[in-house]
Amino acid sequence: MKNGLCRLVSLLGLAILAGCASGEPSAKDSTELSAPFNAQSVVFKNNSSAWIMGNNGSGQLGNGATANLATPAVLKLSFSLDGNRSAVSVGGSHTLAFQRQAMANYSTVWAWGSNGAGQLGRSPASLGTSSTPVKVGGFSAPITAVAAGGTHSLALDANGAVWAWGGNTYGQAAFSNLSTVRSVPAMVPGLGITATGIAAGGSHSIAYNATQVMAWGRNVNGQLGNGSTTDSITPVLVQGLTGVTKVAAGGSHNLALVGSGQLWVWGYNGFGQLGDGTIVDRTAPELIVIPGNLTVIDIGAGLDHSVVLTADGRVWTWGYNLAGQLGYATLPNLYLALPTRIETDENGNPFDNVARIVLVGGHHTIVQKGDGTYWVWGYNAYGQLGDGTTTNRFAPRQITLP
């Protein structure tokens, strides 16, 4: 488990050791990122506002301040999200949203938080951080989706083209000069598909449609899924996938959901986050069967853990678990390498009737039940669970959003 001491120390809230990531996340791979990475929660509320809580040291909550929030607040937006729940994406220390006005055939991207690698679409020399949304320009078609990675950003346009900007150390922004950040969005060359979806990991990027999945960027753990561990600036074909309806990119691992309800995984597996019972990395996708051969209907990936929702309204998790990110009432192990169902909430009541996965952060999860209530668990040192405390939660806890 590479750099495991760094992860252990940071999650316990102690000083980060020399050699661990600090300040602007390095985004080399999941185990080299510090605990504040992806420790904010920004959740769609309606077409003009979002709920915010958690880490705000770089202004990634967008409320004009840099103080962390342990109690949820409402972020009023100056632009419309057009009722789209997927219009917001949280990254390592920045947040993206897209404005869509279909009647005018117009849309654009807004960004806030850290800009140390140009992930807000500005030169880092001119804008280090922004605690309020700034407009990202340069797109030639309406934007239909955004994805925020470790220090890079992606946008999907209505023509199926993908745009990338920000950190590019491993080619995740598809820029040939690895030593230079891409602070202005540019269309990803050589994509090879008309994309319908995108996902951004710690230092890798994914675009997909119903027949093919393409990936580029960091690949030391096989997160590009092409059978190798060689980084790639140019999109490469992820092997053996078809019928994909959603991809979730974690720090250095990925989950893919296909239309039949099957789950495929690949990439880094040092904490069992692929769910195949091992801690062996996989350079190509492998099929994971949920016990009982249950149908998967939603997926999410954290830095080093995985979350899926099955058709019976139950949640299954696996991977890293030091801060309670697997949602079990007790801490069974540092990690679990097989899918395990969350049986009960913090009060011992059956945990079921879950309708969707709302957000999977670095080490925390938010879901919504069929009755409209929101439930959270995992790492909470920055207040990202929104329960008014900074106490980690090892079992689902209901929160109230204003």
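Nothing in this text is a laboratory measurement; each read-out follows from the coordinates by a stated rule. Keep in mind it's a predicted model, so treat the numbers as computed, not measured. So basically every Cβ, Gly included, is an ideal-geometry build from the backbone, and we count neighbours across all protein chains shown.
Quick check: residue separation of residue 279 and residue 159 times 0.36 nm, minus the Cα distance between them. What number comes out in nm? Mind dumping the intermediate values first?
Values: separation 120, 0.36 × 120 = 43.20 nm, distance 3.92 nm.
Once the chain is fully extended between residue 279 and residue 159, it gains 39.3 nm.
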message: Residue by residue through segment 147-152, what is 3J(HN,Hα) from phi via Karplus (6.51 cos²θ - 1.76 cosθ + 1.60, θ = phi - 60°)? Round to whole Hz and write x for glycine and proline.
response: 8, 9, x, x, 9, 10
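If each residue of separation counts as 0.36 nm, what is the full-extension length gain between residue 140 and residue 355 once their alpha-carbon separation is subtracted? Intermediate values should be presented prior to the final figure.
Working: separation 215, 0.36 × 215 = 77.40 nm, distance 3.57 nm.
Full-extension gain reported as 73.8 nm.
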field: Two-decimal Rg to Rh for the chain - Kirkwood Rh, Cα set
entry: 0.93
message: Give the separation of the Cα centroids, segment 356-378 to segment 204-230, in Å.
response: 27 Å
- line: Full extension between residue 132 and residue 338 adds, at 0.36 nm per residue less the Cα distance, a length in nm of 70.1 nm
message: Debye calculation, C-alpha points only, no solvent: report log10 I(q)/I(0) for segment 166-322 at q = 0.09 Å⁻¹, in the same order as the q values.
response: -0.26
field: Backbone N within segment 387-402 under 17 Å of label point (7 Å from residue 371 Cα along the Cβ vector)
entry: 396-401
task: For residue 209 paired with residue 347, estimate the spin-label separation in nm (one decimal), with each label point 7 Å from Cα along the Cα-to-Cβ line.
output: 4.9 nm
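Tell me the volume per residue, in Å³, of the convex hull enclosing the alpha carbons of segment 353-401.
Working: hull volume 3.1 nm³, N = 49.
With only Cα atoms used, segment 353-401 gives 63 Å³ per residue.
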- request: Any chance you could check the Cα centroid distance between segment 154-187 and segment 290-353 for me, in angstrom?
  value: 33 Å
task: Could you compute the FRET efficiency for residue 391 and residue 82, with r as their C-beta to C-beta distance and R0 at 35 Å, rounded to 0.05?
output: 0.45
- prompt: Under the classification rounded if a/c is under 1.5, otherwise prolate if a/b is larger than b/c and oblate if not, where does segment 125-191 fall, given a ≥ b ≥ c as square roots of the Cα gyration tensor eigenvalues?
  reply: oblate
statement: Taking the convex hull of the alpha-carbon atoms of segment 193-242 and averaging its shadow over every direction gives an area in square nanometres of 3.1 nm²
Label-point gap, in nm, between residue 260 and residue 398 - each point 7 angstrom along Cα→Cβ: 3.9 nm
statement: Per-residue Cβ contact counts at 10 Å, fewest first, order 44, 175 as 44, 175
